[in-house]
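What follows is calculated from the coordinates using simple rules that are stated; it is not laboratory data. Note that the coordinates shown come from a computational prediction; the quantities given were computed from them, not determined experimentally.
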């Protein structure tokens, strides 16, 4: 079914935005297992050469977009965690220097509970 959908998508020669919309809709409602994806690739390789290349390019471009989004999301999460850890480290050092909890909270943006835990 997915192979035929991809063939249809290639034949329609839609602009990238429309292609992405249709492909995203299809992916949302018909996910394939790794084994099924492998079988799809094998079937695509057996297709007519010109059409097979276009379908394979379509598959690869969406995989690359997915990986790029995953990497971006991972980096964003990592940065958030790093910033939070940095704030906690600064708060801990401020406590060691004798700063009071309200001042630390005001300067770091951390909640009182988080700073209080650092005192333990």
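Side notes on the structure shown:
- With contacts taken as Cα pairs under 8 Å and at least 6 residues apart, segment 2-119 reaches a relative contact order of 19 percent.
- Viscosity 1.567 mPa s, 4 °C: Kirkwood-radius Stokes-Einstein D of the chain over Cα pairs, µm²/s: 70 µm²/s
- Gyration tensor verdict on segment 1-52 (Cα atoms; rounded if a/c is under 1.5, prolate if a/b is larger than b/c, oblate otherwise): oblate
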